[in-house]
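Beneath this line is the structure, given in structure tokens, with notes to follow.
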Amino acid sequence: MNIPPLVWIITIAVTIAFFVYEFYAHVRKPHEPTIGESARWSAFYIGLALLFGVGIGMVSGWTYGGEYFAGYLTEKALSIDNLFVFLIVMTSFAVPKIYQQKVLMIGIVIALILRGIFIAVGATLIENFSWVFYGFGALLLFLAYRQAFTHGDSNPADGRFMRFVRRNNRVTKEYQGDRHNTAQKGRRWSMLLTIIAIGFVDLIFAVDSIPAIYGLTEEAYIVFTANAFALMGLRQLFFLIGGLLERLVYLAQGLAVILAFIGVKLLIHALHKNELPFINGGEPITVIPEIPIWPSLLFIAGPIAAATIARPTKTRRD
């Protein structure tokens, strides 16, 4: 997949333009979005992402189209898990609902920037060091275990990092509108702490998401666009399904299955590209066939659907 520099420039410029529009059209004036507004914009961004995937399939071939859809679905699922943590952070800091849009927007922009950096680093590593697939695969298996068995055990707003920030900044418990860096008697407003916590959470989730999507495609352009579209509309989705987030009790387990599957897929791919001298004398191992992209796409969709369907049954039983 050969992407000219001009296409990269246009893609990045359009992505920035969308976020600038979001800020001036919806976020600049503090308000709590209605369900109708959130539903319309969520549908718009999801539809736009699907149309873009169809465009990739028609222009570059449906192998790349399948990689994009698998990557987008994975990143969207991980982004919803990200929203759950955002909800915990904003609840912990008692952010008023009319100011939550701004916090979410800043958090999503930070996430996109961090993922962009990780994408560039990952592409460089993959291009120059094939053994990195072993590292990515092992990392995803570890993250799958953590997701399944330790998810939700801690509050990111009260972790060691945030306690360190509090000790080194005199912070009030009140909010001064949506301002986050207004000094008053040597203190700073709680909004700043909330944004720092969201940025720290984004850094952790970037470590999850980028190796996961590189397990589905090696094309940096597909990795970037799948991430960008997964993050677009995430703010509206937060308000649309905010009341349901706490009921998605099996989301962590569903994501753990997906991460474990991609981890195994990466390890198989690493064996096929093996150059490490202490493994099979530096020769590739092709006994186990690689998993094609379309079965991968169907497998990824399965745990997400199962986690969503199982939720009402668990809720009723509780």
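Quick notes
- Taking segment 275-287 as the range and being among the polar types (S, T, N, Q) and either within 17 Å of L140 (Cβ to Cβ) or touching a Phe, Trp or Tyr at 6+ places or on another chain (Cβ under 8 Å) (or both) as the test, no residue passes.
- Against the list (1) farther than 30 Å from P295 by Cα; (2) surrounded by fewer than 15 Cβ atoms within 10 Å (Cβ to Cβ), the condition E37 fails is (2).
- Residue in segment 41-60 that is more than 19 Å from A301 (Cα to Cα), out of contact with any Pro (no Cβ under 7 Å at 6 or more places or on another chain), part of a helix (DSSP H, G or I) and β-branched (V, I, T) present: yes
- Residue in segment 86-97 that is open to solvent by less than 10 Å² (accessible area, probe 1.4 Å), in contact (Cβ under 8 Å) with a residue 24 or more places away in the chain and either in contact with an Asp or Glu (Cβ under 6 Å, 6 or more places away or on another chain) or among the basic types (K, R) (or both) present: no
- Qualifying residues in segment 40-51 (those that are open to solvent by 60 Å² or more (accessible area, probe 1.4 Å) and of a type in the set (A, V, I, L, M, F, W, C)) - the one farthest from L231 (Cα to Cα): L51
- Test: residue in segment 56-72 that is open to solvent by 50 Å² or more (accessible area, probe 1.4 Å), within 20 Å of the chain's Cα centre (by Cα) and without any contact (Cβ under 8 Å) to a residue 24 or more places away in the chain: no
- Residue list for segment 1-29, restricted to those being of a type in the set (F, W, Y) and open to solvent by less than 60 Å² (accessible area, probe 1.4 Å): F18, F19
- Meets criteria (at pLDDT 85 or above and closer than 24 Å to L139 by Cα) for V257: yes
- Y134 vs. criteria among the aromatic types (F, W, Y), assigned to a helix (DSSP H, G or I), within 22 Å of V264 (Cα to Cα) and open to solvent by less than 40 Å² (accessible area, probe 1.4 Å): no
- Among residues of segment 128-154 that are farther than 14 Å from D81 by Cα and hydroxyl-bearing (S, T, Y), those with a beta-carbon under 7 Å from a residue that is at pLDDT 85 or above and in a helix (DSSP H, G or I) at least six positions away or on a different chain give the pairs Y134/L267; Y134/A270.
- The one condition from (1) out of contact with any Lys or Arg (no Cβ under 8 Å at 6 or more places or on another chain); (2) open to solvent by less than 50 Å² (accessible area, probe 1.4 Å); (3) touching a residue at least 40 places away in the same chain (Cβ under 8 Å) that I108 does not meet is (1).
- Test result for I106, closer than 30 Å to E218 by Cβ, of a type outside the set (K, R) and part of a helix (DSSP H, G or I): no
The values are calculated or read from the model by the stated rules, or taken from the named source; none is laboratory data. Just so it is clear, the model here is predicted, and its values are computed rather than measured. Backbone-built Cβ (ideal geometry, glycine too); neighbour counts: all protein chains shown. Surface accessibility is based on the protein's heavy atoms, side chains included, excluding ligands, DNA and RNA. Shrake-Rupley method; radii C 1.70, N 1.55, O 1.52, S 1.80 Å.
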